[in-house]
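Presented below is the structure to which this report refers.
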Amino acid sequence: MQDLATITVPVLVMAGDDDVATLVAHLLDVRAIPQGQLSIVPGSSHMLLKERTKECVRVMEHFLSAKLPPVTFAPLRRPSTVVVE
């Protein structure tokens, strides 16, 4: 886990909801990465890229083209960048 904290670029962790690794393990990994994001693909296993190719490509394209850091309306992990007037 300590090695994950040294990653300095945005990282997308993708997993299936029926993956070999547990959801908790994926969550712990992504929380250890300063700019980590997690995508759980429903109805897929460790073979999610073969099982849900189109959904995976859509998520990856969004990740690669999105403004970083992500802006959310109720941030818990990231600083709020939403201006409320």
Looking at region 50-61, which of its residues are touching a strand residue (DSSP E or B) at 6+ places or on another chain (Cβ under 9 Å) and either more than 27 Å from T6 (Cα to Cα) or at pLDDT below 95 (or both)? E51, R52, E55
Considering only residues that are among the small types (G, A, S) and outside any helix (DSSP H, G or I), look in region 2-22 and name the one that is surrounded by the fewest Cβ atoms within 10 Å (Cβ to Cβ). A21
Determine whether S39 is surrounded by 15 or more Cβ atoms within 10 Å (Cβ to Cβ), modelled with pLDDT of 95 or more and part of a loop (DSSP other than H, G, I, E, B). no
One residue is enough: does region 56-72 have a residue meeting the conditions among the hydroxyl-bearing types (S, T, Y), assigned to a loop (DSSP other than H, G, I, E, B), open to solvent by less than 100 Å² (accessible area, probe 1.4 Å) and on the phi < 0 side of the Ramachandran plot? yes
For region 42-55, how many residues meet the condition of being open to solvent by 70 Å² or more (accessible area, probe 1.4 Å) and assigned to a loop (DSSP other than H, G, I, E, B)? 4
Scan (1) in contact (Cβ under 8 Å) with a residue 12 or more places away in the chain; (2) assigned to a helix (DSSP H, G or I); (3) of a type outside the set (S, T, Y); (4) over 20 Å from T8 (Cα atoms) for the single condition A25 breaks and write down its number. (1)
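The values are calculated or read from the model by the stated rules, or taken from the named source; none is laboratory data. In this text the structure is predicted, and so the values were computed from the model without any measurement. Counting neighbours? That spans all protein chains shown, and the Cβs are built from the backbone with ideal geometry, glycine included. Heads up: the accessible areas ignore ligands, DNA and RNA and are worked out on the full protein's heavy atoms, side chains in. Shrake-Rupley method; radii C 1.70, N 1.55, O 1.52, S 1.80 Å.
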